[in-house]
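Chemist: Before anything else, here's the structure in question.
The values are calculated or read from the model by the stated rules, or taken from the named source; none is laboratory data. Nothing here was measured: the structure is a model prediction, and the numbers come from that model. Cβ placement follows ideal geometry from the backbone for every residue including glycine, while neighbour counts extend to all protein chains displayed. Note: accessible area is taken over every heavy atom of the protein model, side chains too, but ligands, DNA and RNA are not part of it. Shrake-Rupley method; radii C 1.70, N 1.55, O 1.52, S 1.80 Å.
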Amino acid sequence: MFIKIGLIGKGNVGSCFLELLKIKKNYLNKKLNLKYKVIAIYEYDGALINEKGIDIDEILLLRNNFRSHKDWKENVKAIDSISNLNLDVCIDTTPTNPNTGEPALSHIFKALNNNINVISSSKGPFYLKYKEIHDLAKLKNLLVKYEATVASNVPILSIKDSLKGNEIISIKAILNGTSNYILSRMSSEGVAFSVALKEAQELGYAEADPTLDIEGYDAAGKLVILANELFCWSKTIKEVKIKGISKITQHAIELAKSEGLIIKHLAIAEKGTLIVEPRLIEKDSPLNIEGTLNVIELQTTYSGPIIIMGRGAGGYEAGSAILNDLISIHRIINNIK
Ligand code: HSE
């Protein structure tokens, strides 16, 4: 049996996911018995559609000229088309409008309403409508996976499966690479805020609107998803107390340093509250990470602190999280232990 996939969004994340499907094809087919067909790849202005399966190698070779492929159909929209293709899994990698969660939110509801499992790397739907999405998935007996939304393939949402015999007391994390990069550059090299922000933008880490990074909204969204997942909450981003880093001066950083402390932009969930704000931490704290990395520290009852760190953004980073979610769905729907 083939898993029939519809991919929405062929940007960096969508393209890297397709490349990983190709790179790991043998492993997926032979080791995991996961056979797939990509039936549709949607963009904003049309779609590649082939009910027998799109030739991924051809599409990857074409790079940004994929619209010249014979399977390309102008003006086909995912929202109108996904229900007509008998898909097993719909993967959304579209950029999110942070206020509405669109277009991913509508794609997710449409897929679930049409009995299609969902994988998403789009965060907005999950920090705005976490409960509604889960309620619908439960009602329809479908799977929704979104590991890529928080720290990409750093396996922090799925860690809850390994901690069922433990108890998580609190989460402290750095979940936004851009703001951590800025603070790191200001602190270690004395680089001005605006210069460091520009560098982060050039690295391709910052959101299209970088105020989402520096004012803490992006980290807050990820914190909501993470806390909902690990604490079984149903909160939204409106419940996060958010303070950004745009008012952090070089003077404040130097003052902290003279006391042996570091200013970091932390995302904290504990005792029912959600906070994103700059905080002073000890120099030798495990949260004192440099550059664009993400780090998450869970305080647990029976293991003390559990710390996990890695690259939280990027095409392959998110693409590999999506592939892992696909493997999980394959195992569950095919009842593989
Ligand atoms: N703008 C985000 C960051 C990208 O800097 O971490 C990953 O979600």
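Chemist: Pick out the one residue from Ser162, Ser121, Ser179 that is of a type in the set (S, T, N, Q), assigned by TED's automatic domain parsing to the domain that holds Asn288 and closer than 25 Å to Lys241 by Cα.
Modeler: Values: Ser162 fails: closer than 25 Å to Lys241 by Cα; Ser121 fails: assigned by TED's automatic domain parsing to the domain that holds Asn288.
Only one candidate qualifies: Ser179.
Residues are listed down the side, and each one gets a yes or a no for (1) farther than 23 Å from Ile332 by Cα; (2) out of contact with any Phe, Trp or Tyr (no Cβ under 7 Å at 6 or more places or on another chain); (3) not assigned by TED's automatic domain parsing to the domain that holds Asn115:
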| site | (1), (2), (3) |
| --- | --- |
| Gly11 | yes, yes, no |
| Ser15 | yes, yes, no |
| Leu18 | no, yes, no |
| Asn26 | no, yes, no |
| Asn29 | no, yes, no |
| Ile41 | yes, yes, no |
| Ile59 | yes, no, no |
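Chemist: Does region 122-134 contain any residue that is more than 27 Å from Asp80 (Cβ to Cβ), open to solvent by less than 60 Å² (accessible area, probe 1.4 Å) and either within 13 Å of the ligand (Cβ to nearest atom) or in contact with a strand residue (DSSP E or B) (Cβ under 6 Å, 6 or more places away or on another chain) (or both)?
Modeler: no
Chemist: Sort out which residues of region 31-73 are open to solvent by 20 Å² or more (accessible area, probe 1.4 Å), of a type in the set (A, V, I, L, M) and in contact with a helix residue (DSSP H, G or I) (Cβ under 8 Å, 6 or more places away or on another chain), and write them in order of number.
Modeler: Matches in region 31-73: Leu32, Ile49, Leu60, Leu62.
Chemist: Within region 195-206, take every residue that is modelled with pLDDT of 95 or more and buried (at least 18 other Cβ atoms within 10 Å of the Cβ) and give me the one that is nearest to the ligand (Cβ to nearest atom).
Modeler: Per the criteria, the residue is Leu197.
Chemist: Being open to solvent by 20 Å² or more (accessible area, probe 1.4 Å) and in contact with a helix residue (DSSP H, G or I) (Cβ under 8 Å, 6 or more places away or on another chain) is the filter; apply it to region 207-229 and report the residue that is nearest to the ligand (Cβ to nearest atom).
Modeler: Only one residue fits best here, namely Glu207.
One line per residue, one yes/no per condition, for (1) closer than 14 Å to Leu175 by Cβ; (2) of a type in the set (Ser, Thr, Tyr); (3) in contact with a Ser or Thr (Cβ under 9 Å, 6 or more places away or on another chain):
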residue	(1), (2), (3)
Lys243	no, no, no
Ile253	no, no, yes
Lys257	no, no, yes
Ile263	no, no, yes
Ala267	yes, no, no
Lys271	no, no, yes
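Chemist: Further, regarding this structure: Restricting the first residue to region 196-207 and requiring it to be among the polar types (S, T, N, Q), which pairs with a second residue that is in a helix (DSSP H, G or I) and within 9 Å of the ligand (Cβ to nearest atom) meet a Cβ separation below 7 Å and a spacing of at least six or different chains?
Modeler: Taking only residues 6 or more apart or on different chains, not a single pair turns up.
Chemist: If we keep just the residues of region 74-89 that are without any contact (Cβ under 8 Å) to a residue 40 or more places away in the chain and part of a helix (DSSP H, G or I), which is surrounded by the most Cβ atoms within 10 Å (Cβ to Cβ)?
Modeler: Ser83
Chemist: Within region 136-163, count every residue that is more than 16 Å from the ligand (Cβ to nearest atom) and within 20 Å of Lys110 (Cβ to Cβ).
Modeler: 10
Chemist: If I filter region 292-305 for residues that are in a loop (DSSP other than H, G, I, E, B), in contact (Cβ under 8 Å) with a residue 12 or more places away in the chain, buried (at least 16 other Cβ atoms within 10 Å of the Cβ) and among the polar types (S, T, N, Q), do I get at least one hit?
Modeler: Within region 292-305, one or more residues are in a loop (DSSP other than H, G, I, E, B), in contact (Cβ under 8 Å) with a residue 12 or more places away in the chain, buried (at least 16 other Cβ atoms within 10 Å of the Cβ) and among the polar types (S, T, N, Q).
Chemist: Okay, moving on. Within region 164-184, count every residue that is within 9 Å of the ligand (Cβ to nearest atom) and open to solvent by 10 Å² or more (accessible area, probe 1.4 Å).
Modeler: 1
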